Each structure stands twice: as structure tokens, then as C-alpha cells.
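To start, the structure itself, in C-alpha cells.
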Amino acid sequence: MTDAPTAPPPPVATPAQAASLRADLEASGWGVDAVAELLGPAADAALRREQRYPALRRVREVLSAEGSARTDAEPGGAADPVAVLTALFMLGEPVSAAELDAALPRTGSAGARAMGLVVAVADRVRAAIDLRPHEARDDVGEVRWWVASDLGELVSQGQLAPDHVLGIGGAGLTLAGLTPRTPVDTALDLGCGCGIQTLYLLRHAEHVVATDISARALAFTAFNAALAGTDPGRLELLCGSFLEPVAGRRFDLVATNPPFVITPPAVRAAGLPLMEYRDAGGPVLPMLLPALGAHLTGGGIAVMLGNWEHHAGQDWRERVSGWLPEGVDAWVIQREVQDPVEYATMWLRDGGTIPERDRTGFEAALGAWIDDFAARKVEAVGFGYVVLHRPDEADAGGRAPWRALEEVGTRPTGPLGPHVAASVASRSRLAAMSDVEVAALHPVVAPDVTEERHLRPGDSEPSVILLRQGGGFARTVRADTALAALVEVADGELSVGQIATAVAALTGADAEALTARMVADARDLLADGLLLWE
């Protein structure tokens with residue numbers, strides 16, 4: 001296996017340099033839609049699948065055509081800044097210093113070199129880091145950021161450095177969408193990486209603490225925060241392992257995508273380096289989860305991504321529930337399961353170890369991974385989300401913490417943050433209520449819920465009734481006629497108990513038993529957002 005490369009120094013900008021660069025980027029029009037328009041649907045889609053060549057071919061065509069036009073007809077003209085910046089920073093294509101000077105007139109190629117964004121290669125410049133636009137929309141409004149990270153394997157075409165700082169990927173966007181955006185006083189970005197969660201948190205938190213074990217990651221976060229125009233007084237950067245830098249401190253909101261990849265020591269011995277952005281050198285969740293609850297204020301929420309092993313003869317819920325902190329509500333959602341070979345192959349490729357480049361090294365690491373999982377009877381690895389909530393004094397009321405560990409395989413249609421906040425509030429309220437109190441509730445069916453009935457030819461009664469949720473986790477609930485009646489009648493006029501009594505009278509069912517069942521169903525539907533509070 002080849003030695004991991006050494007990365008160039010991270011970018012650094014003074015406030016004045018960051019302001020000039022931001023003004024240049026805003027004026028350039030370089031945004032997500034502009035890149036998509038430049039590349040065209042096919043090349044843009046290919047780039048999202050990490051296929052670089054179609055996009056590279058397109059920008060080369062555009063820059064070549066514009067260069068010919070300037071030479072023939074407009075000697076003083078400038079190349080399209082969107083094409084120049086996309087080629088340089090997203091695709092790793094060198095451009096002339098003159099083209100970069102024109103694309104970033106306040107900063108210029110000299111300023112870009114001074115900040116560590118590019119390096120000179122004869123009369124051209126080559127990107128030293130990845131820089132790309134990212135756009136967001138939330139309750140505050142719309143925002144466009146430009147986020148720097150290390151050059152990825154797509155451009156470097158080699159194994160990544162151990163201190164590689166990952167850019168905005170699927171996991172980062174998943175966590176951003178999962179995080180509630182309720183305004184808070186304090187927030188913690190635990191393991192900040194390039195700082196994308198920090199930027200989101202600064203949209204609705206008065207003060208944000210960003211931590212990482214990697215000084216390089218903190219440097220990227222500092223650069224990206226400066227480039228976004230963040231007030232430096234609202235951001236605190238701390239270097240250290242996991243929760244050590246914030247010992248004794250509590251936060252209203254914690255967001256973390258920790259280095260949760262399960263990479264056995266045998267794989268290290270086979271030559272795979274430890275990647276700081278994803279590998280902690282050992283299991284993370286058994287250590288992190290029990291400690292995280294002590295860092296939440298009353299009413300505080302922590303959201304995180306993670307994975308856990310499935311061992312032969314043990315339900316994954318039993319394993320994960322043993323890590324949950326005492327006195328804290330917990331919601332664990334398993335979204336996906338991979339077999340050991342699929343899991344190991346994915347993370348080997350993620351770090352740039354691929355059979356096309358190094359078959360011997362790839363197979364040695366893969367074999368070590370498979371052997372370790374087999375020896376420990378690991379049958380699969382689950383991926384998902386963990387949400388923790390510390391009840392405040394008014395909410396707790398002496399109640400026991402609630403626990404929900406479930407598998408949800410549906411695909412949400414939008415950000416989950418609002419749903420997470422609403423569901424945590426509902427589950428907490430329900431946990432403090434008796435069955436009699438739930439029976440007295442007057443629920444209302446959520447506006448995104450639809451009903452689907454399936455009848456066999458000639459039947460007058462449906463054989464299958466499905467309740468479908470349009471938002472949230474897009475759940476599908478299979479209902480019997482009693483549960484369907486509860487949802488159909490839930491308009492705020494009748495209580496759960498009244499509905500149960502009416503259905504029992506119509507069907508001849510035992511009223512007490514039906515009420516107990518309907519109360520249990522109402523708890524589930526209220527917790528999941530298919531029913532709403534009066």
C-alpha cells in the first residue's frame with residue numbers, strides 16, 4: 001500500500017483578505033445553479049456521482065472557445081468567471097494567472113497565492129484546496145457560502161492524507177438537515193471538520209463552539225467562517241479530542257458527525273492509515289454517547305450520525321441502548337444496514353484505496369477487515385441517527401426518560417430538523433401523560449397525511465389500509481378499521497376516548513379494550529407527527 005501524501009498548508013485569511021475574496025465571489029455569480037447551467041444536466045449529474053471527466057471536458061470546451069473568441073475578436077475580454085473558478089477549484093484544472101486575476105479582480109492570483117488557495121505553476125495557477133459554492137434556505141432566509149476543504153480523491157487521484165479535511169458531503173448535508181433550527185443561545189459543533197455545521201449553527205445560535213482534534217480542520221473552519229463574514233466574537237474554536245475541550249460546559253444544541261467508522265486494528269496493521277475525519281482508532285459511540293448527556297442544558301438537544309455493529313444472536317437495539325446516557329431522552333433511528341464486505345469496501349474507497357490503483361493493498365486491507373468482523377461475529381453494520389434530549393425541570397416532572405430505538409427505511413422529502421424538534425416535544429409531553437390524559441386529548445390529523453385503501457375485486461371492505469405521511473420520515477402505517485377511524489375523525493372535536501367509544505358502539509367491540517388500543521395508537525401517531533395536538 002502506498003504511503004499517504006502530505007497535504008499543503010490550510011488556507012489563512014485576514015479579515016480584509018476574506019472580505020475582498022467574498023466580494024469577488026459574490027460579484028462572479030459563481031453559485032450552485034450557475035455551475036449546473038455551465039456544465040449542463042449530464043455533466044452536472046456525472047460530477048455529483050464523482051465522475052469528473054464530463055465536467056472537465058465541458059469547462060475545457062468553454063474556456064477554449066472563449067479564449068479563441070478573445071484572441072480573434074475581443075483581445076481585452078475576460079473568460080467567464082464561473083467557468084474559471086469551477087475549473088480551478090472544483091475540478092483541479094490549472095488556469096492562467098490572468099484568467100484568475102479577471103475572475104477575482106480584488107483578490108487576484110497574487111492574493112489567492114498569499115491565502116494558500118493556489119500555487120503557481122509557470123504562468124498558470126493550480127488549486128491547493130477545494131473551494132465550491134453551497135446554498136441554503138432556512139427560517140432566516142437564503143444564504144450562499146463558499147466552503148473550502150482539502151482536494152478530494154476525485155482531483156488528487158491518490159490516497160488521501162491522514163489529516164485530510166473533508167468537504168461538504170452527503171453525511172454533512174444529512175446532519176445539517178437533521179438539526180433543529182430553533183434559535184438558541186449556545187451551540188456546539190463537535191468535530192467541526194471544514195466547518196459546514198458551524199456555518200449553519202451560526203444562523204440561529206448566539207454563540208457557537210467548534211471543536212476538533214485536528215488543528216488543520218480548525219484552520220479550515222476559521223477560514224470558512226471568515227469567508228462567510230461571521231462575527232468572530234460569536235465563534236470559539238477549541239482543539240482537542242471529543243468533549244475534552246468543553247469539560248464542564250453545557251449547550252442548548254450539539255451537532256456532531258463524529259469519526260465513527262469501525263476500522264479494526266488489523267486493518268491498520270495491513271497498512272491503512274488512520275483518517276482523522278472518520279477514524280477514531282476505536283469504537284466511538286460507546287464512549288461518546290454516555291458522556292454527551294452531561295453537556296446538554298435543560299431542554300437541550302444533541303443530534304448526531306453514527307453506526308453500530310450487528311452481532312450474531314443480539315438485537316442491535318440491545319447493544320445501542322446500553323450506551324445511552326442516564327436521565328436523558330433518546331431516539332435512535334437506523335436508516336441503513338450494510339454487510340461487512342460492503343461496509344469495508346465503501347470506506348476503503350472513501351479514503352482513496354481502490355483496487356484499480358493498488359489491488360494488493362486493497363485486498364490486504366479488505367481481508368483484514370473481513371477477518372476481524374468474522375472473528376467478532378459481526379454480521380452487519382447499521383447506519384443512522386441519534387437524538388438526545390435533556391428534559392428541563394418543567395418538562396421532567398418526575399417522569400422517566402423516554403427511549404425510542406427503531407428502523408426507518410423510508411426516504412424523507414425534505415429537511416428533518418423541524419420534524420425532529422416537533423417529535424421530541426411530542427414524545428416528551430406524552431412521556432409525562434397517563435393513558436387517561438391521552439384518552440382526553442382532542443387530536444387533529446396532520447395536513448400531510450393521506451389514506452390509501454386496497455380492495456380485492458368484488459370486496460366491499462378494504463383488505464389493506466395505509467396511512468402515508470408526506471413530511472417527516474415519510475412513514476407508512478398499516479391500519480385496521482379502528483385506527484383508520486381514529487385518523488379520519490380526528491378534527492379536534494372529539495377526544496380519543498370519545499372516538500373509541502363511538503367505534504366500539506358501531507362495531508360491537510369491547511369499549512375498554514378498544515380504548516386502550518386506540519390510546520396506544522394515538523401515542524404512536526402523535527409521537528411520529530401523523531396526529532397533532534389540539
| field | Burial ranking of peptide ranges 385-394, 522-531 (average Cβ count within 10 Å, highest at the top) | value | 522-531, 385-394
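Order these peptides, 283-294, 253-264, by their mean beta-carbon neighbour count within 10 angstrom, highest first. Walk me through the numbers before you get to the answer.
Numbers: 283-294: 18.3, 253-264: 23.1.
Sorting 283-294, 253-264 by mean packing, highest first, produces 253-264, 283-294.
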| Folded to 0 to 90 degrees: helix 417-431 orientation relative to the chain principal axis, Cα | 30 degrees
| 3J(HN,Hα) from dihedral phi, region 440-446, Karplus parametrisation 6.51/-1.76/1.60, rounded to Hz, x for glycine, proline | 8, 5, 10, x, 10, 5, 5
| task | Bin width 5 Å, alpha-carbon pairs only: give the P(r) of region 149-273 as whole percents, running from 0 to the bin holding the largest distance. | result | 2, 10, 20, 22, 21, 12, 7, 4, 2, 0
| note | Percent of all Cα-Cα pairs per 5 Å bin for region 351-414, counting from 0 up to the last occupied bin, reads 3, 10, 12, 11, 12, 12, 13, 10, 6, 6, 4, 2, 0
| query | For region 15-134, what's the radius of gyration and Dmax over Cα atoms, in angstrom? | reply | 13.8, 41
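Rounded to the nearest angstrom and ordered from largest down, what semi-axes does the equivalent ellipsoid of region 170-405 get from its C-alpha gyration tensor (root of 5λ)? Each step should come with its number before you reach the end.
Working: eigenvalues 198, 113, 35 Å².
So the equivalent ellipsoid measures 31, 24, 13 Å along its semi-axes.
Is there a quick way to get the dipole size of region 15-134? I mean about its Cα centre, with the Cβ of Lys and Arg at +1 and of Asp and Glu at -1; what is the value in debye to the nearest 20?
On the way: 13 positive and 16 negative charges, 87 e Å.
My answer is approximately 420 debye.
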| field | Cubic angstrom per residue, convex hull over Cα atoms of the chain | value | 189 Å³
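So what's the net charge close to V267: Lys and Arg +1, Asp and Glu -1, counting the other residues with Cβ under 10 Å from its Cβ?
Within the 10 Å Cβ shell, the charges total -2.
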| message | Can you give me the angle between helix 32-48 and the longest principal axis of the chain, using Cα atoms only, in degrees from 0 to 90, rounded to the nearest 10? | response | 80 degrees
| remark: For the chain, longest principal axis from Cα atoms; helix 15-28 axis from its Cα atoms; angle between them, nearest 10 degrees, is 80 degrees
| query | So what's the projected area for region 433-532, the Cα convex hull averaged over all directions, in nm²? | reply | 6.5 nm²
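Taking the mean number of other Cβ atoms within 10 Å as a proxy for protection, how do you rank 202-213, 28-39 from highest to lowest?
Working: 202-213: 21.3, 28-39: 17.8.
Highest mean packing first, the order is 202-213, 28-39.
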| note | A correct Karplus calculation of ³J(HN,Hα) over region 51-58, with 6.51 cos²θ - 1.76 cosθ + 1.60, θ = phi - 60°, whole Hz and x for Gly and Pro, returns 10, 7, 4, x, 5, 4, 4, 5
| In µm²/s, what is D for region 312-436 at 4 °C and 1.567 mPa s, where D = kT/(6 pi eta Rh) by Stokes-Einstein and Rh is the Kirkwood radius from Cα pairs? | 74 µm²/s
| note | Here region 107-209 gives, from Cα atoms, an Rg and Dmax in Å of 16.1, 51
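In debye, nearest 20: dipole of region 461-512 around its Cα centre with unit charges on the Cβ of K, R (+) and D, E (-)? Please report the intermediate quantities before stating the final value.
Values: 3 positive and 7 negative charges, 70 e Å.
In total the dipole reaches around 340 debye.
Values quoted throughout were computed directly from the atomic coordinates according to the rules given, and no laboratory measurement underlies them. All values derive from a computational prediction rather than experimental measurement. Note that each Cβ is placed from the backbone with ideal geometry, even for glycine, and that neighbours are counted across all protein chains shown.
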